[in-house]
């Protein structure tokens with residue numbers, strides 16, 4: 001499964017995107033956020049290779 005985070009400032013549009021992603025085989029909605037800061041806290045942006 002590919003976990004997908006939906007981020008959109010318009011709650012109606014976010015819902016449409018979440019519904020669409022939920023219908024695509026192999027994808028699942030991991031969460032819905034309405035701002036980038038609530039969607040991905042800053043500490044999660046640091047990548048270590």
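Every read-out reported here was derived from the displayed coordinates using simple, explicitly stated rules and does not represent laboratory data. This is a predicted model, so every value here is computed, not measured. Backbone-built Cβ (ideal geometry, glycine too); neighbour counts: all protein chains shown.
Can you bin the range 2-45 into rounded, prolate or oblate? Criterion: square roots of the alpha carbon gyration tensor eigenvalues sorted a ≥ b ≥ c, rounded for a/c under 1.5, prolate for a/b above b/c, oblate for the rest. It is oblate, given that a/c is not under 1.5 and a/b is not larger than b/c. How high is the relative contact order of the range 2-45, in percent, with contacts defined as C-alpha pairs under 8 Å that are six or more residues apart? Relative contact order here is 48 percent.
Modelled label positions at residue 24 and residue 2, each set 7 Å beyond Cα in the direction of Cβ, lie 0.5 nm from each other.
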